[in-house]
1. Identify, please: which residue in segment 47-75 is of a type in the set (A, V, I, L, M) and closer than 17 Å to Arg165 by Cβ and is, among those, surrounded by the most Cβ atoms within 10 Å (Cβ to Cβ)?
2. Just one of (1) touching a Phe, Trp or Tyr at 6+ places or on another chain (Cβ under 8 Å); (2) assigned to a strand (DSSP E or B); (3) not small (Gly, Ala, Ser) trips up Ile149, so point out which.
3. For segment 128-162, what are the residues that are among the charged types (D, E, K, R), touching a residue at least 60 places away in the same chain (Cβ under 8 Å) and over 24 Å from Gly188 (Cα atoms)?
4. Looking at (1) over 15 Å from the mean Cα position of the chain (by Cα); (2) surrounded by 24 or more Cβ atoms within 10 Å (Cβ to Cβ), which is the only condition Gly118 fails?
5. Has segment 106-127 got at least one residue that is farther than 24 Å from Asp176 by Cα and of a type in the set (Gly, Ala, Ser)?
6. Go through segment 19-33 residue by residue and tally those that are in contact (Cβ under 8 Å) with a residue 40 or more places away in the chain and surrounded by fewer than 16 Cβ atoms within 10 Å (Cβ to Cβ).
7. Out of segment 134-160, which residues are of a type in the set (A, V, I, L, M) and touching a helix residue (DSSP H, G or I) at 6+ places or on another chain (Cβ under 9 Å)?
Amino acid sequence: MLIGILVTGHALDELRDTRGDYDQIFDDLLKAFGFETKAWFVVDEDYPESPADADGWLITGSKHGAYENHPWIPHLEAFIRDVYADGRPMIGICFGHQIIAQALGGKVVKFDQGWAVGHTDYDIGGDQMRLLAWHQDQVVETPESAEVIGSNAFCENAALLYDNRILTIQPHPEFDGEILEKLIDVRGKGVVEPDRLAVAKENQLGPHDSLRFVERMSAFFREGASLG
């Protein structure tokens with residue numbers, strides 16, 4: 001099964017030296033479950049021609065906001081609507097979660113209560129999961145077609161399911177301790193609240209449930225399985 005990866009931002013230089021860009025990070029993750037991948041760097045205005053170019057689709061995270069004025073964002077939103085109409089499975093991670101909601105009628109804002117970073121607990125369809133977060137933006141109004149299947153007290157709309165065709169999640173199941181450490185040390189300073197960075201740093205190598213959620217992603221791609 002071929003998964004098309006829509007890359008919406010670039011990894012830190014310090015990560016690309018050892019792990020590659022986000023397309024490579026997701027390829028390493030998905031190939032362990034038997035998937036092949038092909039990447040389109042939509043952030044650089046490289047777009048697929050149609051939903052039929054892959055069997056399923058994944059939209060990555062990004063440093064950009066879904067509400068920002070970039071020429072590639074309207075193109076991506078139109079493609080999301082095409083995939084939704086086509087019915088091929090799509091998964092959105094962090095920015096991907098947000099841009100899918102925006103494309104289908106929801107609202108994304110820079111959250112006035114600040115950032116979620118590091119090990120964070122969520123209720124995902126009744127299953128308690130600890131995942132790695134890195135975001136300030138949030139989906140604050142969900143599309144009519146979206147069912148909320150994941151949340152916590154800080155992020156009400158942390159995971160959404162659209163008619164068993166699209167699954168999105170706010171935290172990062174592709175992250176591990178190495179990726180989180182680089183973000184804390186390089187991108188977080190002067191941007192994220194110092195107390196939240198300190199807590200994330202203290203716990204950066206702690207256990208988490210990312211692999212369990214990737215297993216759910218794999219099932220969704222193969223079966224369109226409901227997580228609700």
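1. Of the residues in segment 47-75, the ones of a type in the set (A, V, I, L, M) are 52, 54, 58-59, 66, 73.
Checking which are closer than 17 Å to Arg165 by Cβ leaves us with 52, 54, 58-59.
On the way: Ala52: 11, Ala54: 23, Leu58: 27, Ile59: 29.
Taking the candidates together, the pick is Ile59.
2. In the conditions (1) touching a Phe, Trp or Tyr at 6+ places or on another chain (Cβ under 8 Å); (2) assigned to a strand (DSSP E or B); (3) not small (Gly, Ala, Ser), Ile149 misses (1) alone.
3. Filtering segment 128-162 down to residues among the charged types (D, E, K, R) leaves 130, 137, 141, 144, 147, 156.
From what's left, touching a residue at least 60 places away in the same chain (Cβ under 8 Å): 130, 137, 147.
Of everything in segment 128-162, just one residue is among the charged types (D, E, K, R), touching a residue at least 60 places away in the same chain (Cβ under 8 Å) and over 24 Å from Gly188 (Cα atoms), namely Glu147.
4. Gly118 satisfies all of (1) over 15 Å from the mean Cα position of the chain (by Cα); (2) surrounded by 24 or more Cβ atoms within 10 Å (Cβ to Cβ) except (1).
5. To start, the set of residues in segment 106-127 that are farther than 24 Å from Asp176 by Cα comprises 106-113.
If we keep only those that are of a type in the set (Gly, Ala, Ser) as well, we get 106.
Within segment 106-127, one or more residues are farther than 24 Å from Asp176 by Cα and of a type in the set (Gly, Ala, Ser).
6. 1
7. Initial filter on segment 134-160 (of a type in the set (A, V, I, L, M)): 139-140, 146, 148-149, 153, 158-160.
Of everything in segment 134-160, those that are of a type in the set (A, V, I, L, M) and touching a helix residue (DSSP H, G or I) at 6+ places or on another chain (Cβ under 9 Å) turn out to be Val139, Ala146, Ala158, Ala159, Leu160.
Yes/no per residue for (1) assigned to a strand (DSSP E or B); (2) among the β-branched types (Val, Ile, Thr):
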position	(1), (2)
Asp46	no, no
Arg88	no, no
Val117	yes, yes
Leu132	yes, no
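Just so you know, all these numbers are worked out from the coordinates, no wet-lab data involved. Treat the numbers as computed from the prediction; the structure is a model and nothing was measured. So basically every Cβ, Gly included, is an ideal-geometry build from the backbone, and we count neighbours across all protein chains shown.
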